[in-house]
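The values are calculated or read from the model by the stated rules, or taken from the named source; none is laboratory data. Source: prediction; values computed, not measured. Every residue, glycine as well, gets a Cβ built from its backbone with ideal geometry; the counts of neighbours run over all protein chains shown. Just so you know, the surface numbers come from the protein's heavy atoms only, side chains and all, with ligands and any DNA or RNA stripped out. Shrake-Rupley method; radii C 1.70, N 1.55, O 1.52, S 1.80 Å.
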Amino acid sequence: ETAPRDLERLETRIGENAFEINTNITSVTIQSSVKEICDMAFYGCSKLKTLKLSKGLVSIGNTAFESCTALTNITFPSTLKTIDAYAFCYCSSLQEIVIPCSVTSIGRLAFYYCTNLESITVPTTLTSIHNDRVFSNCDKLKEVHISDLEAWCNIPFPNNTSNPLYYAKNLYLGNNKITDLVIPIA
């Protein structure tokens, strides 16, 4: 017999390897009761094209969507706090990512080899980028959007390829490209 606490946990998470290498899934909508997507939950779902994550989701586990090569669209909820290591690496069809302000931590190699990624919006709340190469091999990245220059200056990037500007070269404050930089002084 399953204890009520265990049933509650089952309803709030998608377990490890739950849909790993399922080549029939083309679209996923995660309902608001799900708080956690565990490691490798959708790893290798090569036909997954659209991902809608509802409000309530707090964390995306290691390699949760790694090698979802058809994934073109992700809607992140405003409740998401962490994107773990390798979460979206090798998602080679992604073109734009808007990380919500609720996210404080991005794991190593989280967006590694997202080779068609062109634009990323980085939240002012980001305080931790783990290890290196978060955006490594995102060679088509052209734009990094931020909403607060001072917050951007406080993000501790471990090395050059963990900073999306290494590839993008273009930083936007809102919709304005920064060409004359004035560093804020506290």
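Of all residues in segment 56-95 being in contact with an Asp or Glu (Cβ under 8 Å, 6 or more places away or on another chain) and assigned to a strand (DSSP E or B), which is most open to solvent (accessible area, probe 1.4 Å)?
Residues of segment 56-95 in contact with an Asp or Glu (Cβ under 8 Å, 6 or more places away or on another chain): 57-64, 84, 86-91, 95.
Narrowing the set further to residues that are assigned to a strand (DSSP E or B) leaves 59-60.
Values: 59: 26, 60: 0 Å².
Checked segment 56-95; the qualifying residue most open to solvent (accessible area, probe 1.4 Å) is 59.
Identify, please: which residue in segment 93-125 is touching a helix residue (DSSP H, G or I) at 6+ places or on another chain (Cβ under 8 Å) and of a type in the set (A, V, I, L, M) and is, among those, farthest from residue 74 (Cα to Cα)?
Among residues in segment 93-125 that are touching a helix residue (DSSP H, G or I) at 6+ places or on another chain (Cβ under 8 Å) and of a type in the set (A, V, I, L, M), the one farthest from residue 74 (Cα to Cα) is 122.
Can residue 7 be described as outside any strand (DSSP E or B) and modelled with pLDDT under 95? Break it down stepwise before answering.
Numbers: outside any strand (DSSP E or B): yes; modelled with pLDDT under 95: yes.
Answer is yes for this residue.
Can you name the residue in segment 71-80 that is within 12 Å of the chain's Cα centre (by Cα) and at pLDDT below 95 and, of all such residues, is farthest from residue 12 (Cα to Cα)? Give the derivation first.
We begin by selecting, within segment 71-80, every residue within 12 Å of the chain's Cα centre (by Cα); these are 73-77, 80.
Then keep just the ones that are at pLDDT below 95; that gives 73-76.
On the way: 73: 23, 74: 20, 75: 19, 76: 17 Å.
Looking at the filtered set, the residue picked out is 73.
For segment 107-125, name all the residues that are closer than 14 Å to residue 93 by Cβ and of a type outside the set (S, T, N, Q).
111, 113, 114, 117, 118
How many residues, within segment 103-126, are hydroxyl-bearing (Ser, Thr, Tyr) and either open to solvent by less than 10 Å² (accessible area, probe 1.4 Å) or in contact with a Leu (Cβ under 8 Å, 6 or more places away or on another chain) (or both)? Talk me through it step by step, then tell me what you get.
Here is the first cut: in segment 103-126, the residues hydroxyl-bearing (Ser, Thr, Tyr) are 104-105, 112-113, 115, 119, 121, 124-125.
Among the residues that remain, those that are also either open to solvent by less than 10 Å² (accessible area, probe 1.4 Å) or in contact with a Leu (Cβ under 8 Å, 6 or more places away or on another chain) (or both) are: 104-105, 119.
Counting residues in segment 103-126 that are hydroxyl-bearing (Ser, Thr, Tyr) and either open to solvent by less than 10 Å² (accessible area, probe 1.4 Å) or in contact with a Leu (Cβ under 8 Å, 6 or more places away or on another chain) (or both) gives 3.
Identify all residues within segment 150-162 that are open to solvent by 40 Å² or more (accessible area, probe 1.4 Å), outside any loop (DSSP other than H, G, I, E, B) and over 14 Å from residue 124 (Cα atoms); write none if there are none.
Looking only at segment 150-162, we keep the residues that are open to solvent by 40 Å² or more (accessible area, probe 1.4 Å), and these are 150, 153-154, 156-160.
Keeping just the survivors that are outside any loop (DSSP other than H, G, I, E, B) gives 150, 153, 160.
Matches in segment 150-162: 160 only.
Would segment 18-31 turn up any residue that is more than 24 Å from residue 161 (Cβ to Cβ), in contact with a helix residue (DSSP H, G or I) (Cβ under 8 Å, 6 or more places away or on another chain) and open to solvent by 40 Å² or more (accessible area, probe 1.4 Å)? Break it down stepwise before answering.
Filtering segment 18-31 for residues more than 24 Å from residue 161 (Cβ to Cβ) gives 18-31.
Still in the running and in contact with a helix residue (DSSP H, G or I) (Cβ under 8 Å, 6 or more places away or on another chain): none.
No, the conditions are met nowhere in segment 18-31.
So, in segment 28-61, of the ones that are among the polar types (S, T, N, Q), at pLDDT below 95 and in contact with a strand residue (DSSP E or B) (Cβ under 6 Å, 6 or more places away or on another chain), which residue ends up nearest to residue 83 (Cα to Cα)? Write out each step before concluding.
Let us first name the residues in segment 28-61 that are among the polar types (S, T, N, Q), namely 29, 31-33, 46, 50, 54, 59.
Narrowing further to those that are at pLDDT below 95: 29, 31-33, 50, 54.
Keeping just the survivors that are in contact with a strand residue (DSSP E or B) (Cβ under 6 Å, 6 or more places away or on another chain) gives 29, 50, 54.
On the way: 29: 17, 50: 18, 54: 15 Å.
The extreme case among them is 54.
Taking segment 96-149, which residues are assigned to a strand (DSSP E or B), within 21 Å of residue 174 (Cβ to Cβ) and hydroxyl-bearing (Ser, Thr, Tyr)? I'd like the intermediate steps shown before the answer.
Going residue by residue through segment 96-149, those that are assigned to a strand (DSSP E or B) are 96-98, 105-106, 119-121, 128-129, 143-146.
With the extra rule that they be within 21 Å of residue 174 (Cβ to Cβ), the set shrinks to 96-98, 119-121, 143-146.
Residues satisfying the conditions are 119, 121.
Go through (1) hydrophobic (A, V, I, L, M, F, W, C); (2) open to solvent by less than 70 Å² (accessible area, probe 1.4 Å); (3) over 19 Å from residue 96 (Cβ atoms) and name the single condition residue 182 misses.
(2)
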